[in-house]
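Q: I'd like to ask some things about the structure below.
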Amino acid sequence: MKPIPMLVVTALTFSGCPGISNAAVAEPLPMPEFDTLLFCRNLTSKMLVKSEQAVETAKCVYQERIAKGQLQNHWSLMTPNAVKNCMKYQEPGRQSYFTFRGCVSYSIGLECMKDAYRCSLK
């Protein structure tokens, strides 16, 4: 599994808004915990070559760990409604920080565009 370009796009999205602040969010919500190993095993379970399956599962877990770290760095910007909305797309057994990060990135960007946050470039 090669790195997905969306990873780069999301990283650029987060890095482009270092001056984001939101006074309305007093205490950050707890970030959801996903079973990334289950997700990755489900993702690679149909592969015919078992040795490749193990390698691709490990790559998937690594990418999920990166996505989770990026989420943790910006999690305090999430509102309860945004979290609820993003969780709608996280089906049991298919919960992924990588896909969740896309929704979180969109939510933060939308709040910047609505001027709910002060967003600025470095």
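Q: Can you pull out the GluC sites (Glu not before Pro) in the range 32-79 that DSSP calls coil and that have at most 11 other Cβ atoms within 10 Å?
A: Details: sites: Glu33, Glu52, Glu56, Glu64; in loops: Glu33.
Qualifying residues, ordered by number: Glu33.
Q: Within 10 Å of each candidate Cβ there may be at most 15 other Cβ atoms; applying that plus a DSSP loop requirement, which trypsin sites (Lys or Arg not before Pro) in the range 45-112 survive?
A: Those that pass, being in a loop and sparsely packed, are Lys46, Lys88, Arg94.
Q: For the range 32-39, take each phi angle, set θ = phi - 60°, evaluate the Karplus expression 6.51 cos²θ - 1.76 cosθ + 1.60, and give the result in whole Hz per residue in order, putting x for glycine and proline.
A: Per residue, the Karplus-derived 3J(HN,Hα) values read x, 9, 10, 8, 5, 5, 4, 4 Hz.
Q: Kirkwood Rh and Cα-based Rg: tell me the resulting Rg over Rh for the range 36-114, rounded to two decimals.
A: 1.07
Quick note: the coordinates plus some simple rules give every number you see, no bench work behind them. Please read all numbers here as calculations on a predicted model, not as lab measurements. We place every Cβ from the backbone using ideal geometry, glycine too, and count neighbours over all the protein chains shown.
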